[in-house]
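K.L.:
This is the structure I want to talk about, given as structure tokens.
The values are calculated or read from the model by the stated rules, or taken from the named source; none is laboratory data. Not measured: the values here are computed from a predicted model. Here Cβ is always computed from backbone atoms with ideal geometry, including for glycine, and neighbour counts include all displayed protein chains. Side chains included, ligands, DNA and RNA excluded: accessible areas come from the protein's heavy atoms. Shrake-Rupley method; radii C 1.70, N 1.55, O 1.52, S 1.80 Å.
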Amino acid sequence: MSKRDYYEVLGVSRTASDQELKTAYRRLAVKYHPDKNPNDATAEEKFKEAAEAYSVLSNPEQRKRYDRFGHAGVSSSAGAGAWEIGRA
């Protein structure tokens with residue numbers, strides 16, 4: 001399953017300011033928080049998805065990589081190839 005675009009997840013444009021990102025994330029976090037939606041797996045997934053999107057987009061370096069390379073630019077394996085080549 002492919003991940004949704006982080007900007008789409010938060011409901012903001014690609015030109016959103018840091019404050020707009022924070023506001024959008026907080027709105028979703030309150031709406032889907034597990035304490036407000038006990039035993040609701042869908043709400044829990046949306047909460048996690050919003051937290052992941054905000055985590056990436058609120059970090060200027062990660063946001064640059066995401067804007068340029070998409071999910072591949074911020075995945076945990078991004079850059080591993082260069083390290084492996086350097087080891088050889």
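K.L.:
Which value, in Å² rounded to 10, gives the accessible area of Arg27 with a 1.4 Å probe and all protein chains present?
P.N.:
For Arg27, solvent-accessible area is about 130 Å².
K.L.:
What is the sum of charges, Lys and Arg at +1 and Asp and Glu at -1, for the other residues whose Cβ falls under 12 Å from the Cβ of Glu61?
P.N.:
So the surrounding residues net to +3.
K.L.:
If you don't mind, another one. Given C-alpha coordinates of the stretch 1-72, what is the ratio Rg to Rh with the Kirkwood estimate of Rh?
P.N.:
0.99
K.L.:
If you don't mind, another one. Need the C-alpha centroid separation for the stretch 1-38 versus the stretch 39-76, integer Å.
P.N.:
So the separation of the two Cα centres works out to 9 Å.
K.L.:
Can you check what the net charge comes to around Ala16, using other residues whose Cβ is under 12 Å from the Cβ of Ala16 (Lys, Arg +1; Asp, Glu -1)?
P.N.:
Its environment carries a net charge of -1.
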